[in-house]
1. Would you mind calculating the gained length between L102 and A117 on full extension (0.36 nm times residue separation, minus the Cα-Cα distance), in nm to one decimal?
2. Kindly report, to the nearest 10 Å², the accessible surface of M196 as traced by a 1.4 Å probe over protein heavy atoms only.
3. I need the calculated FRET efficiency for the pair V247 and Y153, taking r as the beta carbon distance and R₀ as 22 Å, to the nearest 0.05.
4. Could you list the chymotrypsin sites (Phe, Trp or Tyr not before Pro) in the range 121-186 that lie in coil according to DSSP, counting only those with at most 13 other Cβ atoms within 10 Å of their Cβ?
5. Using the Karplus equation 6.51 cos²θ - 1.76 cosθ + 1.60 (θ = phi - 60°), what ³J(HN,Hα) coupling, rounded to whole Hz, does each residue of the range 10-23 give in order, writing x for Gly and Pro?
6. Just to verify a number: what accessible area does W241 come out at with the full protein assembly present, 1.4 Å probe, Å² rounded to tens?
7. Show the residues, 5+ positions off or on another chain, whose built amide H is closer than 5 Å to the amide H of F95.
8. Identify which of the listed values of Cα extents along the principal axes in Å was calculated from the structure shown: (1) 72, 48, 33; (2) 75, 62, 33; (3) 55, 44, 37.
Amino acid sequence: MAWGHVQQKARRWLRVRNTIARECLAEFLGVFVLLLITVAATAQGVTSQNTKGNFFCMYLAGAIAVIMAIYVSGGVSGGHLNPAYTLGLCALGRFPWTKLPLYALIQLVGSFTGAAAVFALYYDAIQDYTNGNLTVYGPRETASIFSSYPAPYLSLSNGFLDQVMGTSMLMIGILAIVDARNKPVPKGLEPVVVGMLVFSIGLSMGSNCGYPINPTRDLGPRLFTYVAGWGSEVFRAGNYWWWIPVVAPCVGALLGSFLYQIFVEFHHPVSENEEEALEVDALPENKKENPVYTINMDYSLSHRL
């Protein structure tokens, strides 16, 4: 009874009522969960020299991390977890542009903190594996535990295309999953199917550079490795590779968003109310009546993912 009273009192004092602040807290925790599981799986595989995990285990853990992160934050912040995805929703008019910088910043802080937590968790293992020498190159390099680095054969242009295509596929898949007029996923299972989508992208497009497809997921841990002992080489490596997984996913998200609109969503049958609204919108301003019809489109599913 006493503990229940303490809980009620703590909730009264700690509860955040501001909607934007609540969204930021949820988005931060979601990204933190995503990074903790994803990066920790890679750290376990690398430091054990693949005796306790391989690329398949890492990709599977990453997919499950996406599922859990969306369940953690989806009902409050939408579970974006990825500024490229947020950008795509903004371009489609499904999320306010004013929130984009804030979400991107929170996602970056969450990814940085998640990387720091993994470093603390596997600190002894990393030190033992590297003999205390944190490097970006060589057989005992550990920078790639945290961020993406290109394969030796990969050019910047091909890497850019890789990230554009991977993120386009991610965006097309998510828009299809949440499209109520297509083949909607049963309510509540959307995060599971998104996780399966991420898993399939990893298995099919992961060999070139590890499929980051998320600007802050890559940049946050890279910033952490910069300050944690790997140094500025994390930004110079791969012919200054670092900007590719930051810029290309944003291009890919925009491309994927528009492709799904052009090939699928624009062609759905419209209701009578929507048809009337479209006809009114097509009229000159001086011909429109007040009030103008409002299209009541339900974007709650797409905001949740």
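1. Working: separation 15, 0.36 × 15 = 5.40 nm, distance 2.25 nm.
Answer, rounded to one decimal: 3.1 nm.
2. 120 Å²
3. 0.55
4. Y137, Y153
5. In residue order, the calculated couplings are 5, 5, 4, 7, 9, 4, 9, 9, 6, 4, 5, 5, 5, 4 Hz.
6. Here the residue's solvent-accessible area equals roughly 0 Å².
7. Long-range HN contacts for F95: C90.
8. (2)
The values are calculated or read from the model by the stated rules, or taken from the named source; none is laboratory data. If you're wondering where the values come from, they're calculated on a predicted model, not measured in any experiment. Counting neighbours? That spans all protein chains shown, and the Cβs are built from the backbone with ideal geometry, glycine included. The protein model used for the area step is the full one, side chains on, heavy atoms only, and it has no ligands, DNA or RNA in it. Shrake-Rupley method; radii C 1.70, N 1.55, O 1.52, S 1.80 Å.
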